[in-house]
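Asks: Sending over a structure as C-alpha cells; questions will come in a sec.
Since every read-out is calculated from the coordinates, none of them should be taken as a lab result. Because the structure is a prediction, the values reported are computed rather than measured. Neighbour counts run over all protein chains shown; Cβ positions are idealised from the backbone, glycine included.
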Ligand SMILES: [Zn+2]
C-alpha cells in the first residue's frame, strides 16, 4: 500500500497531465471540480490525514498544501492561456473583408457650369468686383440701342436674336438678351463711379447647335469705371483673373477686336495648356486660346448715362462660362452641358 | 473675304511668310480664320499637245506628244477631249496624283500601256484634286506658259478673313493691302484707272435723277459703247474663282472684280434696255414688283430703294439687279452704276426680301461716298481694255450733299489716358501716316487727324487711339494691377438665397441640372393647372428656332421631367435632380416678372447595401426627405399640409408652408402627367417659390443654450382619428415648455386600435435649463399634455 505522500504525488502528476490536455474553458471548469473541488480528488486524499501520526500529519499536510497551491496556480495559468486562445479564435472569426464597399450614401453636386461660374465670380470678387444681376428677358434698348447698336446696324448680325412676340408701335421691343452687356447700362443708370461689378446670367441666341455652338449661354459681364482707368488696368485685371482661373504660369496675350460698345476693343488669349503653345486641336493649332472679349467703355455710353467722359474712363469685358468650363475640364462638346445626362454631370 | 496672296501682292510687297502675315493681321483686328493652300503639286508642269497618233494596239487610246518647255514627251492618253494645240497639265514620274479608282493620293510610276511606254500623264481635274471631274483631261487657258511648274501657275495661297462689320473697307483686296502695308512698313500700289474717252459726252447718252437723296448720297454713272460680250480673261476668272465668285461674262466679271478689288459694289445695265436711257433713283411704288437676276420676283415695299428707268424698276438698289435690264450676249452698250446707298435702308430691304448679296453686305456696313468715283473709273478702264469698249466722255456724278471730312482732335493726354502708356509723337505720326491718315500737330499737344476717305469707322479721338494701339501692338501696353477705389457693397438678398438653396439641395444629395427655358405650349400646359395657365399665359418667341423651343417657361416642372425621363432611360437607379432658375410671368406692357424658383424631382429604385438599384423605389417620403434636409440647412421650419393640384396625385400632395405662408408644393406626379412624359413608375416633384420663401429664411443662426441638467425620457402613445396629422400631435406635445422634443417612432393601425383610428408613439424628452425635472413634475406635465391632446385632437392615451 503506497504512503499518503506517494498518493499525493501521483495525484499531482495525474492532475497536471489532465490539465495539459484540457482544450477549452468548459473542460477546464470540470477539471477544477474533479481535482480541486469540495468533493474533488485532492480533498478525498487529504481526508486520510486525520489517521496519521501528528509528525507525519504535519509533513504530509504541508505537502498537500503545496500540491493544492501549485495546481491552483497551474489552473490559473492554463485559464489565461485558454482565454487568449478563445479571444484569438473569436477575432479570427470576426475579421472583416475591409475591401468590401461602404454602405452607399447619396452625393449631390452642382452643375459644372454653376461650379465654374462661382470660381469666375470668386476670382473677380478677390479684386473687389461686386455681383449684380439683370433680367433675361430684356428690352431692345438695353440689349442693343444703348450699346450703340441701333436698328438696322450690321453689328446686330453678331448676335442672332430671339424676339418676344410682343409689339408696340409696330416694333418688337422685347427679346431674350443675347449677352449680359445690358447690365452695364442698367447699373450705370443707377450708380455713380467708382464702379466695379461683375454681372452673370444666361443669354440666348438664335443659333443651330453643334459641338462648339449652343443657343443658351452663361456669360459674365465685367465693368469698371473710375477716374484714370486705362487699357493698362484692363490688361492687368484680366491677366490676373486668367491666371487665377487657369494657373499662375499662364501667359496672356491681347489683340484688337471689334465690339460696338467699346473703343478700343480687345480679345484676351491665354497660351494653350494642352500643348503649351505648340499647337493642337484645342487651340486650333495656334497655341493660343481666346477666353474673353473686352475693351474700353465707349465714351458715348458714358455720356449717355450722364458721366463726364473726359473725367471718367472704364473697361468692360465678357466671358463665356461654358467655354471656360470646356477648357478646364477638357470637354469637347458644348451640348453636353444642357443635355443633363447624369453620366456627364456626375463627373464634376 | 477670301484674299488670294497672288492678287494681294499686286498692290503690296509681301515681305513675310503667310503664317506671320495672318498673325499680324489678326492681332490688328482683321481676323484670318484660315490659310488655304491649293495646288501644291510636285513634278506637274504646263505642257502643250503638239502631236497625236493612234495607239498601235488600242483603238480608244492615243499617243500624245507633249511639249514641256523645250523637251518633248510621249504619253498614252485615253481622254476623248485631247486635241493638238491644247495647253495641259503634264505629270512626270513621281508626281503625287489622286487615283480615280481609290480617290486617294498615289505617286505616278513609269508604265507600259498596251505595249507602249508612257513617259508621264496628262491630268484630269480629279487627278489634280481640283474637282470630281474625270470625264476628260483638264484644258488650261491658251495663255498658260509652257514649261512652268503647274503650282506656280495654278497654285494659290488664300487668306480667309473674317471682317468685322465696322470695316467694310477691308472687304476688298486693296483694303487688306493697305493694312499689310501699314503693318509691315511698305507702300501700296493703287490699281491704274486712267483711260481715253473716245465716245460722245455721257450726258448725251444718259440722264440720272436721284429722287431719294436721303437714301442715295451719291450716284455715279458711266457709259461704255461697243463692248463685245464674251468670257473674261483667264487671270480674272481665276481670281474671281479663288475669291469664291463664279465668272459669268467679261462685263459682269469686271463689276465683280472691281468690287472685290476696291470694295465698291457696281452694277452694269444693258443701256438699250433702259427706257428713255433714264436712271431714276427712287423709293418703290405701292404694288411694284421686280424679277431679280436670280429669277425670284420681289414684291417691293414703299420704303425700299429702287433704280428705275423712265417706266419701271430695273434694279433693287444696292442688293441685286433686275432681269429686265441684264447684260446679255447681245449687249453692246453698258451703263455702269457706281453709287453710294445708305446702309440701314439696304440692310432692311435685303432682310425683308431675304436676299443678302455681296453688294448688300457691303452697303449695309456704310461705305464711303468718295469710293464710287474711283471704282467707276477703274471699271471703265477695264471695260475699255478687256471688252473692246469705247468710253463716253465724262461721268454722271450726282453728289448733292458733299461734305468736308471733319477733323478729329486727339490730345497726347487722351491718348495716354486711354492706352495707359506714352507713345512718342514721332511714332504716332508715322503710324497714322502709314494707315493713310493725315495728321497735323497743334500746340501744345494735339493731333489734328483726318482719316482717309475709305475709313468710315474712325470718328472720335478714341477711334484714333485704337488705330495707334493696334498698329504698334497691344502687347506694348503694360499690364497694371492697382488697388481700386471700391464702391460701397450692396446686398442682393435674392441672389444670395438662390445660391444658398442650390448648395442646400446639393448637400441634401440631389444633382443640379440646368434646362432650357423654352419649350412647346403643349408641354407647358401639361404641367400647369388650368388656373396657373390662365393667370400666367406663357410668353411666345416670335421667331422660334423650332416648335419645341417656342414658349417661355412659367414653371420648372417640364424641364425637370424631361431630364428625369432621359436619365431613367440611360442608366438604372435613383434619379434625384433639382434646378434653380427663373420662370417668366408676363406683365402688361412690361418685361415679364422673373421669379427665382427651385424644384426637385425624384424617381427610380433606391440603392441596396451594395449600391445597386435593387432596393424599393423612391416614394413620397424620400422626396420629402430631400426637401426637408435642404430646408433644415437653410434654417427654415416648414409644415406640410394636404393639398390638391391638377398635376399631382390627390392624397399624395402637400402644400409647403412656412410661418403659415404657402411657399411651395410637394407631391406625387399625377399618373396622367407621368404617362404624357413617358415616365416609368412613380415620380415625386417639389418646388419652392424663392420670392415667397425669402422673408422666412433666417439671415443667420442664433445660439440656443444647452441645458447642463439631464433630461427625462419617456414614451407617449396616443390613439387619434386616422385623419389627424401626426405633425399636429407632435406640435401640441412640443408646445409644452418642459418638452425639448417629441419624436415619432411608431405609427400603427389595426387591432386592437379601433377602425378609423391610428396609434402614434412618441419618444418625449423633458428637459429644463435650470434644473433636473422631478418625477412628479414630469408626471404633472404629461397629464397636462394628454388632457390637451384629448381636448384639442380627440386623442386618447393608449395602453
Ligand atoms: Zn493647343
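Asks: Compute the length gained on full extension between residue B:459 and residue B:723: take 0.36 nm times their separation in residues and subtract their Cα-Cα distance, giving the result in nm to one decimal.
Replies: Full-extension gain reported as 87.2 nm.
Asks: Looking at the square roots a ≥ b ≥ c of the eigenvalues of the Cα gyration tensor of segment B:44-154, which shape do they give, rounded for a/c under 1.5, prolate if a/b is larger than b/c, or oblate?
Replies: rounded
Asks: Most exposed first by the Cβ proxy, i.e. fewest other Cβ within 10 Å, how do A:286, B:328 rank?
Replies: Going from sparsest to densest Cβ surroundings: B:328, A:286.
Asks: Per-residue mean of other chain beta-carbon atoms within 10 angstrom of the beta-carbon, peptide B:503-516?
Replies: Mean shielding by partner chains, rounded to a whole number: 6.
Asks: Separate question: Within segment B:344-388, list the residues whose amide N lies under 17 Å from a label point set 7 Å along Cα→Cβ of residue B:197.
Replies: Inside the label zone: B:372-385.
Asks: What full-extension length gain, to one decimal in nm, is calculated for residue B:406 and residue B:133 as 0.36 nm per residue of separation minus the Cα-Cα distance?
Replies: 92.7 nm
Asks: Let me ask you something else. Rounded, prolate or oblate: which fits chain B when a ≥ b ≥ c are the square roots of the eigenvalues of the alpha-carbon gyration tensor, with rounded for a/c under 1.5 and prolate only if a/b beats b/c?
Replies: Prolate is the answer for chain B, as a/c is 1.5 or above and a/b outweighs b/c.
Asks: If you count, for each residue, the other Cβ atoms within 10 Å and average over each peptide, how do B:501-507, B:261-267 line up from highest to lowest?
Replies: Going by the mean number of other Cβ atoms within 10 Å, highest first, we get B:261-267, B:501-507.
Asks: Give me the distance in nm between label points sitting 7 Å out from Cα along the Cα-to-Cβ direction at residue B:784 and residue B:291, one decimal.
Replies: For the pair residue B:784/residue B:291, the computed spacing is 10.1 nm.
Asks: Moving on to the next point. By average Cβ neighbour count within 10 Å, what is the ranking of B:68-76, B:319-327 from highest down?
Replies: Result, highest mean first: B:319-327, B:68-76.
Asks: Using a 10 Å cut-off around each Cβ of peptide B:465-475, what is the average number of partner chain Cβ atoms that fall inside?
Replies: The per-residue average across the peptide is 4.
Asks: Can you give the FRET efficiency to the nearest 0.05 for residue A:152 and residue B:106, using r as the Cβ-Cβ distance and R₀ = 45 Å?
Replies: My answer for the efficiency is 0.25.
Asks: Quick one: if you stick a label point 7 Å off each Cα along the C-beta vector at residue A:300 and residue A:119, how many nm between them?
Replies: My value for the distance between the label points is 3.9 nm.
Asks: Now for a different question. So how do B:211-221, B:371-381 stack up, highest first, on mean other-Cβ count within 10 Å?
Replies: With the highest mean Cβ count within 10 Å placed first, the list reads B:371-381, B:211-221.
Asks: To test your reading of the geometry: what angle, between 0 and 90 degrees and rounded to tens, separates the Cα axis of helix B:173-184 from the longest principal axis of chain B?
Replies: Relative to chain B, helix B:173-184 is tipped by roughly 80 degrees.
Asks: Follow-up question, since we're still on this one. Cut-off 12 Å, label point 7 angstrom out along Cα-to-Cβ of residue A:208: give me the residues of segment B:162-181 whose amide nitrogen falls inside.
Replies: Under 12 Å, as judged by backbone N against the label point of residue A:208, lies no residue of segment B:162-181.
Asks: Still on this structure: Roughly how many nanometres apart are two label points built 7 Å out from the Cα toward the Cβ at residue A:278 and residue B:328?
Replies: If labels sit at residue A:278 and residue B:328, their model points lie 6.3 nm apart.
Asks: Exposure proxy check: A:161, B:749 ranked by fewest other beta carbons within 10 Å?
Replies: So the residues, fewest neighbours to most, are B:749, A:161.
Asks: Using a 10 Å cut-off around each Cβ of peptide A:162-173, what is the average number of partner chain Cβ atoms that fall inside?
Replies: 4
Asks: Which order do B:702, A:168 fall in if you start with the one that has the fewest other Cβ atoms within 10 Å?
Replies: B:702, A:168
Asks: Say R0 is 60 Å: what FRET efficiency, to the nearest 0.05, do residue B:187 and residue A:95 get from their beta-carbon distance?
Replies: The formula returns an efficiency of 0.10 here.
Asks: A follow-up question, please. How high is the FRET efficiency from residue A:343 to residue B:225, r the C-beta distance, R0 60 Å, rounded to 0.05?
Replies: 0.25
Asks: Follow-up. Rounded, prolate or oblate: which one fits segment B:409-474, using the alpha carbon gyration tensor with axes a ≥ b ≥ c (rounded when a/c is under 1.5, else prolate when a/b beats b/c, else oblate)?
Replies: Rounded shape, in that the Cα axes give a/c under 1.5.
Asks: Please give the residues of segment B:697-732, grouped as numeric ranges, whose backbone N is less than 13 Å from a label point set 7 Å along the Cα-to-Cβ vector of residue B:743.
Replies: B:713-715
Asks: Measure nothing but the geometry: give the 0 to 90° angle between the long axis through the Cα atoms of B:493-507 and the longest principal axis through the Cα atoms of chain B, rounded to 10°.
Replies: 70 degrees
Asks: If you don't mind, another one. Using alpha-carbon positions, what is the distance between the centroids of segment B:206-241 and segment A:117-189, in Å?
Replies: 42 Å
Asks: To continue, here is another question. Treating the angle as unsigned and between 0 and 90°, give the value, to the nearest 10°, between the Cα long axis of helix A:4-21 and the longest Cα principal axis of chain A.
Replies: 20 degrees
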